[in-house]
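Asks: Quick one: the structure is below, and I'll ask about it shortly.
The values are calculated or read from the model by the stated rules, or taken from the named source; none is laboratory data. Everything numeric here is computed off the predicted structure, so don't read it as measured data. Note that each Cβ is placed from the backbone with ideal geometry, even for glycine, and that neighbours are counted across all protein chains shown. Keep in mind that these areas ignore ligands, DNA and RNA; they rest on the heavy atoms of the full protein, side chains included. Shrake-Rupley method; radii C 1.70, N 1.55, O 1.52, S 1.80 Å.
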Amino acid sequence: MADIEKRDTPLPDKVINPTTIPTSSSASAVDEKEVRRRILEEQELQKTEPPKHELNQIATQPSVYDDPETAKYFQPTEKYENLHRFDPAFRWTWAEELPLINKTDWKITLWACVAFFALDLDRGNLSQANTDNFLEDLGLSTNDYNLGNTVFRLSFLSAELPSQLVSKKLGPDRWIPTIMCLWSLVAASQFWLKGKTSFLVCRALLGMLQGGFIPDSYFFKGNELPFRLALFWTTLRIVDVIAPIIAFGLLRLRGYHGYEGWRWLFLIEGLFTLAVGIWSWFMMAPSPTQTKSWYRPKGWFTEREEKIMVNRILRDDPSKGGMHNRQPIDFKLLWKSIRDFDLWPIYILGLTFQIPVGPPDQYQTLILRNLGFDTFDSNLLSIPSQAAGAVTMLIFTYFSEIWNQRSYLGFLAQLWIFPNILALAVLPKAASAWVRFAVVTVLLSWPSPHAMQVGWCSRNSNSVRTRTVSAALYNMFVQVSGIAYSNIYRANDRPLYRRGNLQLVAICAANLVIYLLVKGYYVWRNKTREKKWNNMSEQERLEYHETTSDSGNKRLDFRFVS
């Protein structure tokens, strides 16, 4: 392979137009950070999906490092942990890169899916506990249950940013296993719950610790992450399928040593998460060049594989060479994302889109118990809707990219919800339990647009440095929506929750309008920019590229996806 590394192989034709890049003389009058920003955004605008290549072709993609005039602005900092493997002249083939990506998936993506499984198992097992008279055993009401969910989500939301600060300082490879072990101990300790106070304390502690679980990645390129994220969200739906089956067995321990079945459920699943947390200490690695340790003396990658990993990542996102993996969050970047009004339509969707299905999903097992199904049937009957929901979510996410449409698909998802939630609100009391079960099952099989909207937020950020922040903000709005819908079903409205369901009907109807308004907003923004851009001469456009202070999605030559 040495000849591959040394030979002068032409890269693909996709290169940055040199007329839009400041020369060294003009750059002297411009702040270096501004120059770096413009170069990166010019490169980002010209990115397209790479064509299919033969395995023996060069896989090295064009980047700012191919031009000495732009490369000088993007030399990695001396603190960059992978600096010793950085080489702009390095070349490799697709036959080397593709197996390396698969190898990384087995090392990183598989662990993340297992960790997400453990996270959601502890976060969602309260639903299975409800089928085993959890509330009655502790003397809790439906309103107490709502309060517990609210406390959890408030704690989760409050912990996200502080926990990320700690994670960036210590490194995810240290922080994530730590909080996993801590929350698993809290989850297992629910075996000894005594009443409302201990219930709320455990909910708060679980929220605080789980709120910091946001795995970071130094191993994948930007266009490789959406598929991995989709796998993570699919894992959460898989948990919703498997968890009731696990509960079906564990809840049968009711009476063993004189304890209720839900206590054994919390204890055993908490101990499972503890095992995953301990395993994570040995599984996670700080970076592609830091995989060796006393228990892994050979590491994951050879020297050549490390060079491929490092250079493919920096060529995709040169800004990653300007930081190290023990670096905290930039508050200036956070504030800039908050002020970006063009992303607020998606944040608003994050706040409202799942409210119509939130209470029925959260109360599904309680609803089934109220319909007369026993503990074990209630858990098993919750599986079909979760399995179907995973399939419909993947289908909608796939077609959102194929058709390049998001607003209309989100509209269709709400249209799926509307007749079902309306049926729950108006079905006569005499309707059979199986009719209500069928309606709830179809309702909760809805195609969640969550994964689609995270990608939508990323696409409309148009900045490699702000995408993570905007995605985190979107997720915070989603958490706030969870706080809202946790308080819609009230004790004085049970068992049919007609008042709550009518409120959900109204919110669903509003969501139909909101999706259309968001579509209209982005279409209007694109038309306005298109008109300005078309009225400019070629010289004016070149001058705009060289002198503009517009950044990210504020550039005139950027178009929003809708």
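Asks: Give the average over all directions of the projected area of the C-alpha convex hull of the stretch 249-304, one decimal, in nm². Numbers along the way, then the final one.
Replies: Working: hull surface 22.9 nm².
Its Cα hull, projected and averaged over all orientations, spans 5.7 nm².
Asks: Still on this model: By its C-alpha gyration tensor, with a ≥ b ≥ c as the square roots of the eigenvalues, how is the stretch 53-120 shaped: rounded for a/c under 1.5, else prolate for a/b larger than b/c, else oblate? Please report the intermediate quantities before stating the final value.
Replies: On the way: a/c = 3.00, a/b = 1.49, b/c = 2.02.
The shape class here is oblate.
Asks: Something else about it: Using a ≥ b ≥ c from the Cα gyration tensor of the stretch 388-492 (square roots of the eigenvalues), is it rounded, prolate or oblate, where a/c under 1.5 gives rounded and otherwise the larger of a/b and b/c decides, a/b for prolate?
Replies: Values: a/c = 3.33, a/b = 1.77, b/c = 1.88.
Oblate is the answer for the stretch 388-492, as a/c is 1.5 or above yet b/c matches or exceeds a/b.
Asks: Separate question: Return one whole number: the accessible area per residue of the stretch 76-221 in Å², for a 1.4 Å probe. Don't skip to the end; give the middle numbers.
Replies: Values: 5290 Å² over 146 residues.
With all protein chains present, the stretch 76-221 gives 36 Å² per residue.
Asks: Lysine pairs in the stretch 427-562 8 or more apart or on different chains: how many have alpha carbons under 21 angstrom apart? Each step should come with its number before you reach the end.
Replies: Details: LYS519/LYS527; LYS519/LYS531; LYS519/LYS532; LYS519/LYS554; LYS527/LYS554; LYS531/LYS554; LYS532/LYS554.
So the count works out to 7.
Asks: Shape of the stretch 433-516 from its Cα gyration tensor (a ≥ b ≥ c, root eigenvalues): rounded if a/c is under 1.5, otherwise prolate when a/b > b/c, or oblate?
Replies: Since a/c reaches 1.5 and a/b is larger than b/c, the shape of the stretch 433-516 is classed as prolate.
Asks: Something else about it: Set the bar at 32 Å for Cα to Cα. Now go through LYS103/LYS168; LYS79/LYS103; LYS79/LYS107; LYS292/LYS336; LYS196/LYS336 and name every pair that lies beyond it. Let's see the in-between values first.
Replies: Values: LYS103/LYS168 25 Å; LYS79/LYS103 27 Å; LYS79/LYS107 25 Å; LYS292/LYS336 38 Å; LYS196/LYS336 41 Å.
Going by Cα-Cα distance, LYS292/LYS336; LYS196/LYS336 fall outside the 32 Å limit.
Asks: Which distance in nm do the two modelled labels at VAL523 and GLN539 give, with both placed 7 Å along the Cα-to-Cβ direction?
Replies: 3.8 nm
Asks: For HIS450, HIS84, give me the order by solvent-accessible area with a 1.4 Å probe, most accessible first, ignoring ligands, DNA and RNA. Intermediate results must be reported in sequence, preceding the final value.
Replies: On the way: HIS450 35, HIS84 115 Å².
Of HIS450, HIS84, the descending order of accessible area is HIS84, HIS450.
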